[in-house]
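Asker: One structure, pasted below without further comment.
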Amino acid sequence: MTKQRKFLLSEAEMPEAWYNITASMANKPLPPLNPQTQEPIGPEALAPLFPMGLIQQEVTTEKWITIPDEVRHLNSLWRPTPLYRAYGLEKALDTPAKIYYKYEGVSPSGSHKPNTAIAQAYYNKQEGVKRITTETGAGQWGSALSFACQHFGIECEVYMVKISYNQKPYRKLMMNTWGASVIASPSDKTQAGQKVLAEHPDSPGSLGIAISEAVERAATDEHTKYSLGSVLNHVLMHQTIIGQEAAVQMEKAGDFPDVVVSPFGGGSNFAGIAFPFLRYNLEEGKNIRCIASEPASCPKLTKGVFRYDFGDTIGMTPLLPMYTLGHNFVPAPIHAGGLRYHGAGVVVSQLLKDKLIAARAHHQLECFEAGIQFAQAEGIIPAPEANHAIATVIAEAQRAKEEGTSKTILFNLCGHGNFDMAAYEDYLSGKLQEHQLTDQEIQEAIAQIDTPEIV
Ligand SMILES: *Cc1c(COP(=O)(O)O)cnc(C)c1O
């Protein structure tokens, strides 16, 4: 009998509901505030940007939200996704730890993002929306939403962070193939973009700036809505099918994780894999360690502050209570474009504040080293974002070896890196630079947040 390597589920075993972790949390997240009045905003304030179906999910107190049949059916194109035991990596590390990974790279666009893109396009379609605008960093979210919009016959307009637009021409072409239009951000198509370009004509762009552009477009056209690929409660919730599937698959493997690890940009793939396991901690007294892995050059969880801040750079969104480096923080142009965001989702931030989850930061070179070790041991070439989780996993596995203890580690391999070869080329040719962010730079960015501290 060979050792089982891959744990699969049938379509019938796909989760039937999304999990809303706020229903299980003792300390609920603080409300978003209106930036002018500093008063909590109601759901109606979001109506210009999002369809009601999604706004209801954003504020719901229900624990389980039934997934519409059409969404489940579309997801079944690539779901359930496989769970693997990383025998190759365990051997390479010579560790007593058992390592498992959930692989989300089997989706059409190559990451976990279509899990929410399909759901969001579905609710927009239900309410007759004609066009959706969005931003994209590395291009993963833009391609996922392009794919989803194409299916529902909705126009899709993507503001792509300029540095990624130049680094990743194939991501742009992928979006074009699914019928979307792609604009390098900052652009002169919006007032927000024009303002940034006037001050910084060579700006490499950032997710915060691209969000400002996409939001402005939606706010100024009645047939256009806006869609976000991370950060918001409903987005995090749509991803919880990852962890729910993984829990069943771990059971089939006859195992249960002691540690769950995931890369962290705004929190969606972390929430996706970790929240269903955190439920065991919150409701059944289990003690699974959930670790979010972020870049040392954009360390909002490990070096940011818990404050009310804007979700975008210009200040068009409501104020959100989150771990942030300040909305003016423009991360260095590292290759993990999907992690270059100044803030963290509200729910994840509250969990970190309450020490119910942990965070680690890794430098870029360590991450690529980890990614290449993984590719050589397991075959799959990870997205640069996923390399951050792998760096944490390797550190955990090495610690297990030093301590001579076994433990079971599960991580989210949230996407493949097949469109990120330019990043690997830079690493392999020795051109990839370590980027050092100084504490002074962090303090300067944080000092620009002008909202009061949360006590
Ligand atoms: C978007 C993205 C991320 C970061 O976003 P989260 O919302 O934190 O998941 C990480 N990895 C990949 C592959 C992505 O596409």
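Asker: Please state the charge dipole magnitude for segment 111-233, taken about the Cα centre, from unit charges on C-beta atoms (+1 on K and R, -1 on D and E), reported in debye and rounded to the nearest 20.
Answerer: Here segment 111-233 has a charge dipole of around 360 debye.
Asker: Give me the tail of P(r) for segment 226-279 as a percent: Cα-Cα pairs with distance above 15 Å.
Answerer: It works out to 45 percent of all Cα pairs.
Asker: Could you list the trypsin sites (Lys or Arg not before Pro) in segment 285-362 that lie in coil according to DSSP, counting only those with at most 11 other Cβ atoms within 10 Å of their Cβ?
Answerer: LYS355
Asker: When LEU54, LEU437 are ordered from fewest to most other Cβ atoms inside 10 Å of their Cβ, what list results?
Answerer: Starting with the residue having the fewest Cβ neighbours, the order is LEU437, LEU54.
Asker: For segment 58-74, just list the computed ³J(HN,Hα) in residue order, Karplus coefficients 6.51, -1.76 and 1.60, θ = phi - 60°, integers in Hz, with x standing in for Gly and Pro.
Answerer: Result, rounded to whole Hz: 5, 10, 5, 10, 5, 7, 10, 10, 4, 7, x, 3, 5, 5, 4, 4, 5.
Asker: Let me check against my output: what whole-number percent is the relative contact order of the chain, with C-alpha pairs under 8 Å and at least 6 apart?
Answerer: It rounds to 19 percent for the chain.
Asker: Angle check, please: helix 114-126 long axis (alpha carbons) against the longest principal axis of the chain (alpha carbons), in degrees 0 to 90, nearest 10.
Answerer: Helix 114-126 sits at roughly 40 degrees to that axis.
Asker: Okay, moving on. If you take every DSSP beta bridge fully contained in the chain, what fraction is antiparallel? Give it as a percent rounded to 5.
Answerer: 40
Asker: So which trypsin sites (Lys or Arg not before Pro) in segment 1-51 end up in coil per DSSP with only 16 or fewer other C-beta atoms within 10 Å?
Answerer: Those satisfying the criteria are LYS3, ARG5.
Asker: Collect residues whose amide H, placed 1.01 Å from N in the peptide plane, falls under 5 Å from the amide H of LYS98; neighbours closer than 5 in sequence don't count.
Answerer: The answer is LYS407, THR408, ILE409.
Asker: Another question, if that's okay. List the residues, sorted by chain then number, that are 5 or more residues from GLY417 or on another chain and whose placed amide H is less than 5 Å from its amide H.
Answerer: ILE381, ALA383
Asker: By the scheme Lys and Arg +1, Asp and Glu -1, what is the net charge of all other residues having a beta-carbon under 13 Å from that of ALA375?
Answerer: Around ALA375, the charge tally is -3.
Asker: Would you kindly enumerate the cysteines in the chain that have no other Cys beta-carbon under 4.7 Å from their beta-carbon?
Answerer: CYS290, CYS298, CYS367, CYS414
Asker: So what's the angle, to the nearest 10 degrees on a 0 to 90 scale, between helix 241-252 and the longest Cα principal axis of the chain?
Answerer: 10
Asker: To make sure I understand, if each residue's beta carbon is the centre and we count other beta carbons within 10 Å, what order do ILE118, ILE65 fall in, fewest to most?
Answerer: The order, fewest Cβ neighbours first, is ILE65, ILE118.
Asker: If you don't mind, another one. Mean separation of Cα pairs under 8 Å and 6+ residues apart, divided by the residue count of segment 111-233: what relative contact order is that in percent?
Answerer: In percent, rounded to a whole number, it is 30.
Asker: Under a point spin-label approximation (7 Å from Cα along Cα-to-Cβ), what is the SER406-THR438 distance to one decimal in nm?
Answerer: The answer from the label model is 4.9 nm.
Asker: Next question, about the same structure. Once both labels are modelled 7 Å past Cα along the beta-carbon direction, what's the SER10-ASP221 spacing in nm?
Answerer: Here the modelled spin labels are 4.5 nm apart.
Asker: Here is a follow-up. What is the set of long-range amide H partners of GLY311 at a cut-off below 5 Å, with H atoms built 1.01 Å from backbone N?
Answerer: THR317, LEU320
Asker: While we're on this one: How far apart, in nm, are the 7 Å Cα→Cβ label points at ALA447 and ASN166?
Answerer: In this crude spin-label approximation the distance works out to 3.0 nm.
Asker: Direction-averaged shadow area of the convex hull around the Cα atoms of the chain, nm²?
Answerer: Projected over every direction and averaged, the Cα hull of the chain covers 20.5 nm².
Asker: Sticking with this structure for a sec: For a label point 7 angstrom out from the Cα of THR302 toward its Cβ, which stretches of segment 383-397 have the backbone nitrogen within less than 17 Å?
Answerer: Output list for this probe position: 385-397.
Asker: So what's the net charge close to PHE50: Lys and Arg +1, Asp and Glu -1, counting the other residues with Cβ under 12 Å from its Cβ?
Answerer: Charge balance in the 12 Å sphere: -2.
Asker: If we count every other residue with Cβ under 13 angstrom of ASN115's Cβ, Lys/Arg +1 and Asp/Glu -1, where does the sum land?
Answerer: Counting the neighbours of ASN115, the net charge comes to +2.
Asker: In whole Hz and in residue order, list the ³J(HN,Hα) couplings for segment 344-354 that follow from phi through the Karplus curve 6.51 cos²θ - 1.76 cosθ + 1.60, θ = phi - 60°; x for Gly and Pro.
Answerer: Here the 3J(HN,Hα) series is 10, x, 4, 5, 4, 4, 4, 5, 6, 4, 7 Hz.
Just so you know, all these numbers are worked out from the coordinates, no wet-lab data involved. Just so it is clear, the model here is predicted, and its values are computed rather than measured. A quick note on method: Cβ atoms are made from the backbone with ideal geometry, for glycine too, and the neighbour counts reach across all protein chains shown.
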